[in-house]
Every structure is written in C-alpha cells, then in structure tokens.
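**Q** Below you'll find the structure I mean.
The values are calculated or read from the model by the stated rules, or taken from the named source; none is laboratory data. All figures in this text were calculated on a predicted structure; none of them were measured in a lab. Here the Cβ positions follow ideal geometry from the backbone for every residue, glycine too, while neighbour counts run over all protein chains shown. SASA here: full protein model, heavy atoms, side chains in, ligands and nucleic acids out. Shrake-Rupley method; radii C 1.70, N 1.55, O 1.52, S 1.80 Å.
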Amino acid sequence: MIKLKDILEESIIGDKIKCDNCGWSWKIIDGGNDLYMCHKCGHNNTPKLTEKDQIVQTEDPKKIKKLRIIFANDTKIEKALSGLFIRLGLVTKTFTSIADAIDYVLELRKAGVSNLQELVIGSHGTKTGTKLVGSAAKDQTVGRDFEYEDGSKKWHNYDEALLIACRDLISPSTNVFFTACYGADQLNILVHAANILGTTVYGAAGVSAPGLNRILNKFSKKIFKCKPAQEGLSNDVYLEKQICSNTNSPIRWLRVKA
C-alpha cells in the first residue's frame, strides 16, 4: 500500500503533516477544514499546484473538462484526504456509494456535460484483479434497471451502470483511467470496460498510486491500456494481438512542489 508520505511527500510524513515554517507537526485526522494550516505559527502549508488550467469543478457543469470521481473508504484519514483533494481542485466529487455517483453523472448528462478530456474513476481494487470500481458501501455487486435514451431498460450491476452513465460524457479521444489497485492484472476486465465505454481505457497492474506523477513514474511498467475487443481471452493473447499494451499513464492530475 502506498504511504501518505509518498502521496504528498513535501509536507506529509506518515499520517502527519509537518509545517515547512516552524517544523511543528499534527495528525491529518486532527487537521479539520484547514488541514494544511499550521495552528502554531499560522503558516499555510498547502501544496502549490503546477497545473492551474485544469477545470474539474465549476458552477457551470458544462465547463467541466476533467471528471474525477473518487470512492474513498469510510475512514477518518481517507475522508480528510478526500476533502483536501476537493478543496485543492484535484477531484470533482467523492462518494461512498456507486449509486450516488451514478445519480451525479446522470445529472451532469442532463446539464449538458459532454466531450470530456479526461475521466478518472478512483477506487480501491482487490488482488483478484476483477474490480475496477469499488465503494465503501460495497454496492458494486448490486444493481438496478438502467434506462437508455430510447426508453428501454436493462439490469446492470452498479459498477457497469456507472460506466454506462458516463458514456454520453466522453468521446473517443477522452483519456479514461481506472486507479483501482490490480485493475490491469486481468486485462479482460479492462477490455470489458473499454467495450462498455466504446473507447480505449487505462488501468494499473499491482498496487496503484492514482494519478500521482512521481509515483506513477516508478510504476510506469505497470500501466496498461486496452481497446474495445473480444472478451474472455488471456493476458498473453491480448498483448500478442496488441489489443492491450504496456504504456505510460495519460493522466497528469497531481503535480505538486514545495
């Protein structure tokens, strides 16, 4: 598992934040709303983003260019980090259930969101490599009837229904990245997602550090991309047929400097 100090290594040490000015440190879970504000000397330790032009949050949903849906575990430390990432403008929305995420995406569709540059779906995976989407509510294995534009309905698991809901938001040029650990251990799972979305998708084999450039550079050989194709083949066949290939992540959504 990637440690917090690897995520924001300039100012986070383990589960604590250290002030760059006075050296005082405090636990992330005790940081409150001003997670990076030192309550001893008043110094603001918030990391400085180097990509200010990314629009992931806006009062006008039609202006959203990069949709980043994140599922955090129901723990104090992940809640704190999720809140921080939203305030920093790194993610669009965090959820504890896939059902709520589907409703959100459907609202974006109604608001006219389309042709996204980027779609990131972040969640924890399993060592079996069979899950690209997971939530604290563990509702990826349940589902409901999903209504299509022509009025027809079909039952889908929630994780599939989330991808189906996202289809109208993307185009063939949209970068789609799944951050779930072990998400590319079984390439058939990525191909399945590519078939649902109708475009090439990316995922990470083994442990994933979602979207973090410095960490992803270390894991670049574990990033795979797959395009829509026949399902049920072996990893070797997918690679031999060049349906899937080893590549670098197309996502550059967290670059920080001291």
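**Q** So, in region 160-207, of the ones that are open to solvent by 10 Å² or more (accessible area, probe 1.4 Å) and of a type in the set (Gly, Ala, Ser), which residue ends up farthest from Ser135 (Cα to Cα)?
**A** Filtering region 160-207 for residues that are open to solvent by 10 Å² or more (accessible area, probe 1.4 Å) and of a type in the set (Gly, Ala, Ser), the one farthest from Ser135 (Cα to Cα) comes out as Ser173.
**Q** Given Gly112, Gly143, which one is modelled with pLDDT of 85 or more and surrounded by fewer than 20 Cβ atoms within 10 Å (Cβ to Cβ)?
**A** The unique qualifying residue is Gly112.
**Q** When region 238-253 is examined, which residues are found to be open to solvent by 40 Å² or more (accessible area, probe 1.4 Å) and either closer than 18 Å to Gly122 by Cα or modelled with pLDDT under 75 (or both)?
**A** Asn248, Arg252, listed by residue number.
**Q** How about region 122-132: which of its residues are under 16 Å from Val191 (Cα atoms) and open to solvent by less than 50 Å² (accessible area, probe 1.4 Å)?
**A** Gly129, Lys131, Leu132
**Q** When Ser135 is evaluated against the numbered criteria (1) open to solvent by 20 Å² or more (accessible area, probe 1.4 Å); (2) at pLDDT 80 or above, which criterion, by number, is the only one it fails?
**A** It fails just one condition, (1).
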